[in-house]
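In what follows, a structure is listed as structure tokens, so that the remarks can point back to it.
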Amino acid sequence: MVDSVVNPTDGRDRVPSDRHLIQDCLRGDSRSFAELYRRHQQRVRSTLYQLCGADRLDDLVQETFLRAWRGLPKFRQSAQFSTWLYRIAWNVASDCRQDLARDRDRLAAMQRSFQEGGGGGGGPHREALMRLHYQELVQQGLGQLSFDTRTVVVLCDLEDLPQKEVARILGIPVGTVKSRLSYGRSSLRQYMERQGVQL
Amino acid sequence: MTRNLFPEQDRPLVDFLRQHRPSPPPPARDLEADLLAAIAAEPRPLSLPSAAPELSELGNQGTVPNLRQWFTLIPALAAGFALAWGTMRPPQNSSAIAQDGPERELAVFFEASWNGSLSQTASYDWMSSEPLATPGESLEGPGAATPAQLSPPPSSSPEQPGDRSSIQPGAIPIRG
């Protein structure tokens, strides 16, 4: 995250910090919010995708940033904007987790389709198919986990966030993050091994 | 900030997950424009005073009580003043309220009853406002019946039921 403090009068050469942009937003400058969006949308998008799938991804991303815009006056500026934004994204994902069962069914159907297709061929085509297959396995493996466990695995292992920050985002103790992460990894390893992946 | 440390046996799994994490599909081309349009339709996120303490951490502002604190503080202050005014206000003189007539008598009666209950001063006939006993004659105060009241009335002047002239303030009328 960008945290460099910038003199507003001298901000042309350097990248303004998140806090500076937030202050501009609170003065009604929506262009600053667009900058915040461009800065953070990729990670928010990725996290939401791992948690909720692709079906309504654009809507979820938009909902996350809309909630952030509405909540900016309540944002404690002593906190990290990214942590706060992740928490909003997690709330949005929680709200739509009723749809996750449907996503699991879709993934299962894709997996069956891949297996029935034989995954055959050779050379680059086979390599590309294997890559797709592994991606599906990861997505499917994550889908096997409970929502809480999957959230911890996605934030810690895929988004590479420190466990302390994940604990702050989710509002749970670090020990709970550790235990969920350990359980999630163990479950994923077993799942991958059952699918024939040698780790 | 330190990154996650994981046991060695977890490293192949985490590497596998990171290598094969599914990439989200690209956003719709007009997603950002849609978002900005939606934001433009939203009311501006006003910088409420609740954000002021956090903003002050950035060195921009001094300490400003936030809105929520004001909403709590003002009624509390008002209630405190009202309570203090109600309890510390000196008792009003009844003569200032009623200058003459039956209202004045009633006021004098209330004042005498009030003062008598506190200081055991003279008691009054509550209808005629004539003093019946001096402090030296009655130590029971206006709330107690005197022996003369409790003893049966003389036969020559039977007390009529409901004759309230002999009932002292606070005394229980003895019936039949």
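Going by what's in this entry, would A:ARG150 be described as more than 9 Å from chain B (Cβ to nearest Cβ), at pLDDT 90 or above and touching a Gly at 6+ places or on another chain (Cβ under 8 Å)?
So A:ARG150 fits the description; yes.
With the condition kept exactly as written, say whether any residue in region A:113-120 is more than 10 Å from every other protein chain (Cβ to nearest Cβ) and modelled with pLDDT of 95 or more.
There is no residue in region A:113-120 that is more than 10 Å from every other protein chain (Cβ to nearest Cβ) and modelled with pLDDT of 95 or more.
Could you grab me the full set of residues in region A:28-60 that are without any contact (Cβ under 8 Å) to a residue 40 or more places away in the chain and more than 7 Å from chain B (Cβ to nearest Cβ)?
Of everything in region A:28-60, those that are without any contact (Cβ under 8 Å) to a residue 40 or more places away in the chain and more than 7 Å from chain B (Cβ to nearest Cβ) turn out to be A:ASP29, A:ARG31, A:SER32, A:GLU35, A:ARG38, A:ARG39, A:GLN41, A:GLN42, A:ASP59, A:LEU60.
Helices (runs of 4 or more DSSP H) wholly in region B:1-103 with at least 2 residues that are at pLDDT 85 or above and more than 7 Å from chain A (Cβ to nearest Cβ) - which ones?
Once the helices (runs of 4 or more DSSP H) in region B:1-103 are filtered for at least 2 residues that are at pLDDT 85 or above and more than 7 Å from chain A (Cβ to nearest Cβ), what remains is B:11-19, B:31-41.
Can you list residue pairs whose Cβ atoms sit under 7 Å apart, with the first residue in region A:179-198 being more than 11 Å from chain B (Cβ to nearest Cβ) and the second being buried (at least 18 other Cβ atoms within 10 Å of the Cβ)? Count only pairs 6 or more apart in sequence or on different chains.
Between residues of region A:179-198 that are more than 11 Å from chain B (Cβ to nearest Cβ) and residues that are buried (at least 18 other Cβ atoms within 10 Å of the Cβ), the close pairs are A:ARG180/A:THR149; A:ARG180/A:VAL152; A:TYR183/A:THR149; A:GLN195/A:LEU137.
The values are calculated or read from the model by the stated rules, or taken from the named source; none is laboratory data. Keep in mind that what you see is a predicted model, and the values were worked out from it rather than measured. Methodologically, a virtual Cβ is constructed for each residue, glycine included, from the backbone with ideal geometry; neighbour enumeration extends over all protein chains shown.
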